[in-house]
Amino acid sequence: MKKMSILIFALIFTISPKSYSQFFNTVVSVTGNIYNAITKAPISVNIELFDANNTRIQKVKSNSKDGYYFITSLKPGNTYELRVSEFDYMKQAFPVVVPNTDKYLEVSKDMLLIPKKIGTEIPIKIKLFEFNKPNLKNGAEVFLNDYVSLLKLNPTVKVRIVCYPDSPADAAKNGQLTQERSDNIRKFLIEKGIEQDRLIAQNSTIIDPNNPIPTGKASKGKKYVGFCYLIIDAY
Amino acid sequence: MSKTKQLLLFSLLFMFCWMNAVSQQLNYTVTTIGKHTDEVLGVFVNEANTKFASCSLDETIKIWSLPEGKELMTLKGHLGAVYNISFSGSDQLLVSGSEDETVRIWDVQTGKELKVLRGHTGPVIGVYFSQDDENSMIASTSFDKTVKLWDVASGSEIKTLRGHTEATNNVAYSYDGKTIASCSDDSTIRVWSTELKATEPIMVLRGHNAPVLTVLYSFDSKKIASSDANGEVIIWDAKTGQIIRKFKAHNDLVQDVSFAEDNKTLVTGSLDKKIRLWDTEGPFLLFEADLGVGVWSVDLVSDASILVAGCEDGTVKLLKKSIASQKGKKK
């Protein structure tokens, strides 16, 4: 019986060299660059690849010059997670989906790592709110869930939520608008399981100094809505 | 009358007749067919010339019928300006790129959002579907300076092309599926192989003196057209990278250009409020219209009988070739 099985396998691989190639040679790698989320400078960190069963597959270090990393031996059709756990940065995880393929493939995943430092301002660059409105837009959860994951992976981190207004109009109105926006983000995070004592909601009556309203030619094709930030207060 | 005078008179007469013939042949009627609530940043006509899509600063995408120009549906989901759109080669899917840093895939029939692709670390400025019938790949460009390729079936990011030193503005697949061209604020165009192993550009095209805002292949994949922030347009030989023609098309930035099926008629639209149709083998100006408002985006049906314009005031305009002129159309 054993001999028979060996014979059948040998026959299959002899008849179909392509199958042989697919079975043994299909290699998928994941590659990308890692940057500091605030400065955008490339960084050297340890990256671990885990499979769907939470088994660590590989550990590599990114290049300090350009933040480049390369991990191979991934299997077509599987899902993985890249995890970064460095002292100076927040713990972060990034999903990797490998398509089904019978050819060599390099899946790509760039990563922005948030420095673990008191005072770090993490910009939420996505427009979570309509112009001059305080309620979260439909679909905001897709982006806010990233911060839920971030805070769950870093359970000692406490943040202040600060939102900036959309126009330099009435200070009192701006204060009210931005307080309501910060409160709504805080409420969302609490509903998703983040402890309320880790979150402070704060308003702002002035336009974001890091992201001023574009004027002249720079304003063409743009609609300004003030950014919100998570500011690290403790870790 | 001297022979010289006779010749001059004859030449003037000929010129008059020729110009008259050209203007008769290319007479378009402008109609505003609808409106977004903010600037229209992109328009794209499908392969069958039966629909077109528009995208806007108002964060929506609209699908319109052709040739009627009837609004069919509004697609909502992006959380930021929708900068660009592209139909798949089969016309079944639509891809959009947005300020919210996502690439989204939509079902054109139902308007349903099928996939949200995340991976860019900046706003997504350009998107383009591979023009094969399998709807297999999407290319995207971003403020993060990269060009990314996505596998549509799995939603995976399967390649990142690096090399541009500033934001990448737009991207296009060649119709033969062999190459991709990307353009950037770094004033260059890079031509890449679609082979997944290749990571370096095949060519870097230099000739623009300002940020290059758009890039597009002709249907025969032999030419590339690009436009820049100074209003210049360059036609490149897609194989050699040589400049075939370079001309000042407008007095303000040209955000969008599009080829007709004859591979030589090109439409350009500009913030100088004009839309122009060129014979790039001239280059001769075949037609121009002052729309009275800045034009962000243009496209045309394959025989150039309808031009589509997306404007700064949120309007979507159709320019239809008049019946009288269609009689004289060479086909």
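The values are calculated or read from the model by the stated rules, or taken from the named source; none is laboratory data. Predicted model only: the values in this text are computed from it and were never measured. Cβ atoms come from the backbone with ideal geometry, glycine included; neighbour counts cover every protein chain shown. These accessible areas exclude ligands, DNA and RNA; they are computed on the full protein's heavy atoms, side chains included. Shrake-Rupley method; radii C 1.70, N 1.55, O 1.52, S 1.80 Å.
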Degrees, to the nearest 10: B:3-25 long Cα axis against longest axis of chain B: 40 degrees
Formal net charge of residues neighbouring B:Val204 (Cβ-Cβ distance under 12 Å; K, R +1; D, E -1): 0
Cα convex hull volume per residue for the protein assembly as shown (Å³): 197 Å³
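Might you tell me the accessible area per residue for the protein assembly as shown, computed with a 1.4 Å probe and given in Å²?
That works out to 46 Å² per residue.
As an exercise, identify the trypsin sites (Lys or Arg not before Pro) in segment A:57-120 lying in DSSP coil whose Cβ has no more than 15 other Cβ atoms within 10 Å.
Sparse-neighbourhood loop trypsin sites (Lys or Arg not before Pro): A:Lys65, A:Lys103, A:Lys117.
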Those residues of segment B:193-209 for which accessible area with every protein chain present is at least 20 Å² below the isolated value (1.4 Å probe): B:Leu196, B:Lys197
Residue-span extension gain [B:Met73 to B:Asp176] - 0.36 nm each, minus C-alpha spacing: 34.0 nm
Sum of -39500 (n - 2.57) over DSSP H runs of 4+, divided by residues of chain B (222 nm, nearest 500): -2500 deg cm²/dmol
Largest-first principal axis extents of the Cα set of segment B:28-330 (Å): 53, 43, 31
Violating pairs (Cα-Cα greater than 30 angstrom) within the set A:Lys109/A:Lys217; B:Lys70/B:Lys274; B:Lys264/B:Lys320: A:Lys109/A:Lys217
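What length, rounded to one decimal in nm, is gained on full extension from A:Ser44 through to A:Ile231, with 0.36 nm per residue of separation minus their alpha-carbon distance?
Residue separation times 0.36 nm, minus the Cα-Cα distance, leaves 64.9 nm.
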Pairwise Cα inverse-distance average, inverted: Kirkwood Rh of chain A (Å): 20.8 Å
Between 0 and 90°, nearest 10: helix A:2-15 axis offset from chain A longest Cα axis: 70 degrees
Value of Rg/Rh across segment B:100-154 [Cα atoms, Kirkwood radius]: 0.96
Cα-only Debye scattering, segment A:156-198: base-10 log of I(q)/I(0) at q = 0.14, 0.22, 0.31 Å⁻¹: -0.38, -0.72, -1.06
Segment B:70-161: Rg to Rh, with Rh as the Kirkwood radius over Cα pairs: 0.94
Sparsely packed chymotrypsin sites (Phe, Trp or Tyr not before Pro) within segment A:131-169, loop by DSSP, other Cβ within 10 Å at most 15: A:Phe131
In nm, spacing of pseudo-spin labels at B:Asp133 and B:Val30 (7 Å Cα→C-beta vector): 4.1 nm
Farthest toward positive dipole pole in chain B [+1 Lys/Arg, -1 Asp/Glu at C-beta], among B:Trp296, B:Gly122, B:Val233: B:Val233
Cross-link table B:Lys148/B:Lys222; A:Lys59/B:Lys159; A:Lys222/B:Lys159; A:Lys125/A:Lys173; B:Lys112/B:Lys159; B:Lys239/B:Lys273, entries beyond 31 Å C-alpha to C-alpha: B:Lys239/B:Lys273
Cα centroid separation - segment A:98-155 against segment A:193-227, whole Å: 17 Å
5 angstrom amide H check on A:Gln92, placed H, neighbours 5+ away: A:Val84
For segment A:120-181: span of alpha carbons on each principal axis (Å, largest first): 39, 24, 16
Residues of segment A:187-235 buried by at least 40 Å² on assembly (accessible area, 1.4 Å probe, chain alone as reference): A:Lys220, A:Gly221, A:Lys223
GluC sites (Glu not before Pro) within segment A:169-214, DSSP loop, no more than 11 other Cβ atoms inside 10 Å: A:Glu195
